[in-house]
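Notes for the one structure printed next.
The values are calculated or read from the model by the stated rules, or taken from the named source; none is laboratory data. This is a predicted model, so every value here is computed, not measured. So basically every Cβ, Gly included, is an ideal-geometry build from the backbone, and we count neighbours across all protein chains shown. Note: accessible area is taken over every heavy atom of the protein model, side chains too, but ligands, DNA and RNA are not part of it. Shrake-Rupley method; radii C 1.70, N 1.55, O 1.52, S 1.80 Å.
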Amino acid sequence: MPTHGSRGVAVLAGLGGWLPPRVVDNDELSQRLDTSDEWIRTRTGIRRRHVVTADVSTVDMAVEAGGRALRSAGSQDVDALVLATATPDQVCPASAPQVASRLGLGGIAAFDVNAVCSGFVYALATAAGLIAAGAAQRVLLVGADAFTTLLNPDDRSTVPIFGDGAGAVVLRAGEQDELGAIGPFDLHSDGDLADLLIVPAGGAKQKKSANPDDHYFTMQGPAVFRHATARMAESSRTVMERAGWTVGDVDRFVGHQANIRILQATAKQLGLPADSLVVNIERTGNTSAASIPLAMVDGVKDGTLQAGDRVLVSAFGAGLTWGATALRWPAVTPG
Ligand code: COA
């Protein structure tokens, strides 16, 4: 990685997203699982989700979203690529170098960050750190997950919730007082609660399990719900305090799209009005590391996110991991 002399604050300069073409709506799921459109809609806010097919991988989605973010930024010029993902194409190596090569960025620094559904916020902090250290001037950050590949197709407690996709941003070195300047940050984890959301087998500790269920993602839904709400609210409060904002200063809340009821409960705990929420979960489901940039793309397109808005960003995921950050929304057109 070249070492650049100048340091700066990370400023959002490009935005893009991509969803795989195959759409699965709640009615289709109801035909093969003991569930209903009504149950899924009222318990989660989800109506449909996009899912990968055999010809679409995490790298493919990341390339599509990354290319759009570069177009949105108006330049191919980046010197690092950070890929937030929990579903790399291979267990080893990381997928980011393949994304960089496919985008014609070969040679730049490229690595994965795995904080599962908090991955985008963690990777934002990582990318901002590269810029602050003077190690990069412009960073492409992609959040991409093919999370449905981890699910037991017969498990009604997980299948309705997740979808696949990729979202990306370009960050450039800039100044603290510019629109789009990212930070402060607040990041946390609690590995004691790893079992709440886990794929038990397939990793280095247990390559293969005699129990096929161990190779699928399992989730303790109600406990996760409580932690997600409390942690996102807590972290958001810390970031507001560090930014010198009061609740009344916040125009928009872009939270990880896990469940509309989690987003509403978090807003309520924070004292934010429900209409401050940027929400697209209805058409995407939970896309893990892709969810926040995809919500940003839709928020810009439907006019919910406007240049100058004070935006709180918060995520929660397996690990456990959670965190938050803030920015004043820049004038950016998704690519
Ligand atoms: N269709 C119909 N019924 C279902 C169902 C489905 N897809 N999934 C579960 N149920 C049933 C349960 O078996 C249970 O039945 P019972 O009362 O007879 O035992 C009932 O619905 C209520 O289940 P419960 O798990 O208490 O529902 P809930 O209101 O907590 O909603 C989740 C379940 C999973 C939607 C909710 O807990 C949630 O969103 N949790 C967070 C998950 C998450 O965000 N994970 C990713 C974090 S990054």
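Quick grid of which residues meet (1) assigned to a loop (DSSP other than H, G, I, E, B); (2) in contact (Cβ under 8 Å) with a residue 12 or more places away in the chain; (3) crowded, with 22+ Cβ neighbours inside 10 Å:
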{"position": "Ala65", "(1), (2), (3)": "no, yes, yes"}
{"position": "Ala69", "(1), (2), (3)": "no, yes, yes"}
{"position": "Val78", "(1), (2), (3)": "yes, yes, yes"}
{"position": "Leu83", "(1), (2), (3)": "no, yes, yes"}
{"position": "Gln90", "(1), (2), (3)": "yes, no, no"}
{"position": "Ala94", "(1), (2), (3)": "yes, yes, no"}
{"position": "Val99", "(1), (2), (3)": "no, yes, yes"}
{"position": "Phe111", "(1), (2), (3)": "no, yes, no"}
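Taking the stated definitions as given, is Leu141 at pLDDT 95 or above and more than 14 Å from the ligand (Cβ to nearest atom)? When the stated conditions are applied, Leu141 passes them. A single member of Ala326, Ala307, Ala258, Ala267 is farther than 30 Å from Pro21 by Cβ, assigned to a loop (DSSP other than H, G, I, E, B) and not acidic (Asp, Glu), and it is Ala307.
Any chance you could count how many residues in the range 114-138 are more than 16 Å from the ligand (Cβ to nearest atom) and not in a helix (DSSP H, G or I)? Number of matching residues: 6.
If you go through the range 22-31 and keep only what is more than 21 Å from Ala146 (Cα to Cα) and either open to solvent by 70 Å² or more (accessible area, probe 1.4 Å) or more than 14 Å from the ligand (Cβ to nearest atom) (or both), you end up with Asp27, Gln31. A Cβ distance below 6 Å, combined with a sequence gap of six or more or placement on separate chains, defines the contacts here; from the range 152-178, residues that are within 14 Å of the ligand (Cβ to nearest atom) and at pLDDT 95 or above reach residues that are of a type in the set (A, V, I, L, M) and assigned to a loop (DSSP other than H, G, I, E, B) in the pairs Arg156/Leu33; Thr158/Leu151; Val159/Leu151.
Looking only at the range 263-285, residues that are within 16 Å of the ligand (Cβ to nearest atom) and open to solvent by less than 10 Å² (accessible area, probe 1.4 Å) come to 7 in all. Looking only at the range 199-212, decide whether some residue is within 15 Å of Gly319 (Cβ to Cβ), surrounded by fewer than 21 Cβ atoms within 10 Å (Cβ to Cβ) and within 16 Å of the ligand (Cβ to nearest atom). Yes, there is a match, as at least one residue in the range 199-212 is within 15 Å of Gly319 (Cβ to Cβ), surrounded by fewer than 21 Cβ atoms within 10 Å (Cβ to Cβ) and within 16 Å of the ligand (Cβ to nearest atom).
The number of residues in the range 43-63 that are open to solvent by 70 Å² or more (accessible area, probe 1.4 Å) and within 23 Å of Val278 (Cα to Cα) comes to 3. When you look at Asp186, is it in contact with a helix residue (DSSP H, G or I) (Cβ under 7 Å, 6 or more places away or on another chain), among the charged types (D, E, K, R) and not assigned by TED's automatic domain parsing to the domain that holds Leu15, yes or no? So Asp186 passes the test.
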